Amino acid sequence: MTAPARPADPLISIVVPVLNEAEAVPVFLAALTDALPAARLEIVFVDDGSTDATPAVLEAALAADPRCVVVTLSRNFGKEAALTAGLAAATGDVVVPMDVDLQDPPAVIPLLLAKWREGYDVAYGLREDRGTDSFLKRQSALWFYRIFNKTSDLPIPENTGDFRLMDRRVVDALNLLPERVRFMKGLFAWVGFRAVPVPYARAPRRAGRTKFNARRLWRLALDGFTCFSSMPLRIWSYVGAAVAGAAIVYAAVIVAKTLLLGRDVPGYASLMTVVLLLGGIQLITLGVIGEYLGRLFVEVKGRPVYVVDTVRRGVPAEGDGVPRP
Ligand code: UDP
Ligand code: MG
């Protein structure tokens, strides 16, 4: 592979969405500096409408660390939107989205960077050991990837989160995507470029609490399915055809029976079963159409993905050599 010319000492943008993470931010900054003592860093925190002490903690980080950038959103827009805002604000030669809870270990970044130096545009973290995730989370993730990759036109690598290192060109491509419902894992795959997996063990959350409950994960999974596949819409034509086919055969059987054996009173139970079954199928179909229609509505309205309140950059101390755009 011929590697394109790349800066020897790239500016690395770390993009970190945070929601009520006052405890985790200082731990994260310390761990990041430990893992990458010599790197040129830009750390873009996106405050996704925190209601705890996070704004004050970020303020302190800005004052103490010229590498910090804080993008404050006007309210909570969700992790995918916060990530989108962070990617738009990042100015580095390479960009690494990370969770602030240190579940994505900073020590993996040098490995990702090595792949980039080899000429890859994307090096994505592959969660090899999910031992720290709960059984339920692992099972639901397993099934999500299975079903997604069966139905979607575009497979996404299994056990891969947002943690990855992307070349500037990849980030520019992502920033151009206009959609409102942003399923980042899918969009990362959609833009393409040369990608390589880098296995790592997912660490337990270091401080604070998870923001994703079962309901939010379910919403995220639905976003994923509906944004990357129209299969749930199309499948009902086939179900309908199968039911109609069965009905024709059954009608023939009834006619034949009536001709041969005479008229009899058909069972109430079988009638009820058929009516309820078909009613159920029709309601499911309507629900699926509703899912897509709802998303279509969101896209058509064309509201922005997020609203930025303020963007603040750390003030460099005289001659610290940190370049500012
Ligand atoms: N997060 C966010 N907005 C939200 C929910 C989460 O910015 O609405 C951030 C959160 O602060 C963290 C990251 O997204 O940095 C991942 O969240 P979390 O660790 O709670 O998710 P989990 O690892 O449990 O899936
Ligand atoms: Mg986490």
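The values are calculated or read from the model by the stated rules, or taken from the named source; none is laboratory data. Everything quoted here is computed from the prediction, not taken from an experiment. When we count neighbours, we look across all protein chains shown, and the Cβ atoms used for this are built from the backbone with ideal geometry, even at glycine. Accessible surface areas use protein heavy atoms only, side chains included; no ligands, DNA or RNA. Shrake-Rupley method; radii C 1.70, N 1.55, O 1.52, S 1.80 Å.
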Take D93 and tell me if it is over 19 Å from V122 (Cβ atoms) and in contact (Cβ under 8 Å) with a residue 24 or more places away in the chain. no
Conditions: (1) open to solvent by 10 Å² or more (accessible area, probe 1.4 Å); (2) assigned to a helix (DSSP H, G or I); (3) within 16 Å of ligand 2 (Cβ to nearest atom). L83 meets all but one. Number of the miss? (1)
Listed residues V122, V108; which is touching a residue at least 60 places away in the same chain (Cβ under 8 Å), within 22 Å of G186 (Cα to Cα) and either touching a Phe, Trp or Tyr at 6+ places or on another chain (Cβ under 7 Å) or of a type in the set (S, T, N, Q) (or both)? V122
May I ask you to say which residue of L136, L220 is open to solvent by 60 Å² or more (accessible area, probe 1.4 Å) and either within 16 Å of ligand 2 (Cβ to nearest atom) or charged (D, E, K, R) (or both)? L136
Does at least one position in segment 179-197 carry a residue that is of a type in the set (K, R), more than 11 Å from ligand 1 (Cβ to nearest atom), open to solvent by less than 30 Å² (accessible area, probe 1.4 Å) and under 12 Å from the mean Cα position of the chain (by Cα)? yes
Can you go through V265, V243, V305, V300 and tell me which one is hydrophobic (A, V, I, L, M, F, W, C), modelled with pLDDT of 85 or more and open to solvent by 60 Å² or more (accessible area, probe 1.4 Å)? V300
Looking at segment 198-215, I want the residues that are more than 9 Å from ligand 2 (Cβ to nearest atom) and have a partner that is at pLDDT 75 or above and open to solvent by 80 Å² or more (accessible area, probe 1.4 Å) with Cβ atoms under 7 Å, at least 6 apart or on another chain. Which pairs are those? V198/L111; P199/E128; Y200/E128; A201/E128; A207/E23
Which of the numbered conditions does T51 fail, given that it passes all the others? Conditions: (1) of a type in the set (S, T, N, Q); (2) assigned to a loop (DSSP other than H, G, I, E, B); (3) closer than 15 Å to L165 by Cβ. (3)
Of all residues being aliphatic (A, V, I, L, M) and within 16 Å of ligand 1 (Cβ to nearest atom) in segment 31-53, which is nearest to the chain's Cα centre (by Cα)? Just the residue, please. V46
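Anything in segment 93-113 that is more than 16 Å from ligand 2 (Cβ to nearest atom), closer than 16 Å to M166 by Cα and not in a loop (DSSP other than H, G, I, E, B)? List them, or say none.
V94, V95, I109, P110, L111, L112, L113 - these are the residues of segment 93-113 that are more than 16 Å from ligand 2 (Cβ to nearest atom), closer than 16 Å to M166 by Cα and not in a loop (DSSP other than H, G, I, E, B).
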When restricted to V170, V94, V122, the only residue open to solvent by less than 50 Å² (accessible area, probe 1.4 Å), more than 16 Å from ligand 1 (Cβ to nearest atom) and touching a Pro at 6+ places or on another chain (Cβ under 6 Å) is V94
Out of all the residues in segment 214-234, which are near ligand 1 (Cβ under 9 Å from one of its atoms) and more than 11 Å from the chain's Cα centre (by Cα)? R216
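Assess whether D162 counts as being outside any helix (DSSP H, G or I), closer than 20 Å to I43 by Cβ and within 16 Å of ligand 1 (Cβ to nearest atom).
Yes.
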If you scan segment 25-60, which residues turn out to be open to solvent by less than 10 Å² (accessible area, probe 1.4 Å) and not polar (S, T, N, Q)? V25, F28, L32, L41, E42, I43, V44, F45, V46, D47, D48, L58
